[in-house]
Amino acid sequence: KAGVTQTPRYLIKTRGQQVTLSCSPISGHRSVSWYQQTPGQGLQFLFEYFSETQRNKGNFPGRFSGRQFSNSRSEMNVSTLELGDSALYLCASSLVAGGARNSPLHFGNGTRLTVT
Amino acid sequence: AQSVSQHNHHVILSEAASLELGCNYSYGGTVNLFWYVQYPGQHLQLLLKYFSGDPLVKGIKGFEAEFIKSKFSFNLRKPSVQWSDTAEYFCAVGSSGSARQLTFGSGTQLTVLP
């Protein structure tokens, strides 16, 4: 079974630009969560999507947005990029069946975003 | 708001030594607790999880963790580490109502010397 796939692996953008990151969950997984990982702040929750609806949102500005498609694939968008947005963006999928007990997060390898 | 504290940023051990990594959390409600591991160049992988029941949880690769509610702790242990255990270890907490919105600790880098 293929794991969580994130594309692209690496991205370099300039301040002020926008970027879209993509995540394909494990087959059958319907929930997709996004996390930002930086050396200073560690791993921080961005948002979670399930059945094409945002279910939870972390404490990030409105420049960070996302969506989920009917096939459970998800995209994350960051507009008006700032230097501080440089980070590893991780996507995680989970089955969401039988309650939380059966739904641990499975992470992808991440997209390394560098803003110059 | 939830918070997670991992006391050791970097731990260096020799092979066969015993391991204990500390994790303390602050949250007033029912929690779900996790340990994730990130081996060099690989993605985060779930080591073990606690939702309820027996506070001593066994995970993969010989790891275990004990939930001590009175101490708000969920320490990770392994009786005898191997060189292949070299990795970064993250403790994470989720509330019972949102198991996928996790709060992570800052991580502990474990280096095992052969």
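Phi-derived couplings, Karplus 6.51 cos²θ - 1.76 cosθ + 1.60 at θ = phi - 60°, listed residue by residue for region B:28-38: x, x, 6, 10, 10, 10, 9, 10, 10, 10, 10 Hz, with x used for Gly and Pro. Near the amide H of B:L47, within less than 5 Å, lie the amide hydrogens of B:W35, B:Y36, B:V37, all on another chain or at least 5 residues away, with H placed in the peptide plane.
Considering only B:T108, B:L33, B:H9, and ranking their Cα positions along the charge dipole of region B:3-113 that arises from unit charges at the beta-carbon of Lys, Arg, Asp and Glu, the one farthest toward the positive end is B:L33.
Working note: Karplus 6.51/-1.76/1.60 with θ = phi - 60° gives region A:44-49 the couplings 10, 6, 9, 6, 10, 10 Hz, where Gly and Pro are set to x.
For region B:3-113, the relative contact order is 38 percent, taking Cα pairs closer than 8 Å that sit 6 or more residues apart in sequence and dividing their mean separation by the residue count. Taking the fewest neighbouring Cβ atoms within 10 Å as the starting point, the ordered list for B:Y50, A:Y89, A:Y10, A:Y49 is A:Y10, B:Y50, A:Y89, A:Y49. Using θ = phi - 60° in the Karplus curve 6.51 cos²θ - 1.76 cosθ + 1.60, the 3J(HN,Hα) couplings for region A:87-93 round to 5, 9, 9, 10, 10, 9, 10 Hz; x is entered for Gly and Pro.
In this structure, the amide hydrogen of A:K13, modeled 1.01 Å from its nitrogen in the peptide plane, lies closer than 5 angstrom to those of A:T114, A:V115, A:T116, counting only residues at least 5 positions away or on a different chain. Close lysine pairs were tallied over chain B: pairs 8 or more places apart or on different chains with Cα atoms under 18 Å apart number 8.
None of the figures in this text is laboratory data; all of them are computed from the coordinates on show. What you see is a predicted model, and the numbers here were worked out from it, not measured in a lab. Note: ideal-geometry Cβ built from the backbone for every residue, glycine included; neighbour counts use all protein chains shown.
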